[in-house]
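What follows is a short report on a single structure.
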Amino acid sequence: MEVLNDTMSDHQKLGVNTEALIHLEASRKWTLFLSIMGFIFIGIMLLTPFLFFKAFRVADMPMAFPAAIPMFSMIPLFIMVIIYFFPFYYLLQFSRFSKTAIQNKDEASLASGLKYLKLHYQFMGVLVIIGAGIYVLAIIGLMVGGFLMRAL
């Protein structure tokens, strides 16, 4: 951040040349593709339980398997849908603003697009940290469980 503050007065000198625009356009196309595919997969995730329940009617399930259990099993699915929504949304917004910036040579749109790209990577970084934390806790839990099982 110090380097950025030192050069803030020179920020007008930073331009985007033709090669950078070519790379931005290629990145924009790939992020658009990835965001559309992500939204399609989210849609499939949302439809899967309903198709599953339609194929295996709750009435056909044995009495030992209460009908409410499949509904509760959908809670983690909806949590995953919410988690997956944001990175794909941020990629879509980056693509949209980048396209506007390239077409109109608009610096404000480029700044907005880069803001969404930053949000995407921040979100993914936090998600990786949370995932790594869960793995560490799982490994510790397995080790403690192993020691307790050995003690019995």
- Task: Please go through the range 87-152 and write out the trypsin sites (Lys or Arg not before Pro) that DSSP classes as loop and that have at most 13 other C-beta atoms within 10 Å.
- Result: Lys105
- Message: Checking the a/c ratio against 1.5 first, then a/b against b/c, what shape does the Cα gyration tensor give for the range 16-151?
- Response: oblate
- Going by C-beta contacts inside 10 Å, put Ser98, Ser35 in order with the fewest on the left. Ser35, Ser98
- Task: Note the count of lysine pairs whose C-alpha atoms are less than 24 angstrom apart in the range 16-151, limited to pairs 8 or more residues apart or on different chains.
- Result: 8
- Task: State the extension gain, in nm to one decimal, for the chain segment bounded by Leu51 and Ile82, taking 0.36 nm per residue of separation less the distance between their alpha-carbons.
- Result: 9.2 nm
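Values quoted throughout were computed directly from the atomic coordinates according to the rules given, and no laboratory measurement underlies them. Predicted, not measured: the structure shown is a model, and the values here were computed from it. As a convention, Cβ positions derive from the backbone with ideal geometry for all residues, glycine included, and neighbour counts pool all protein chains shown.
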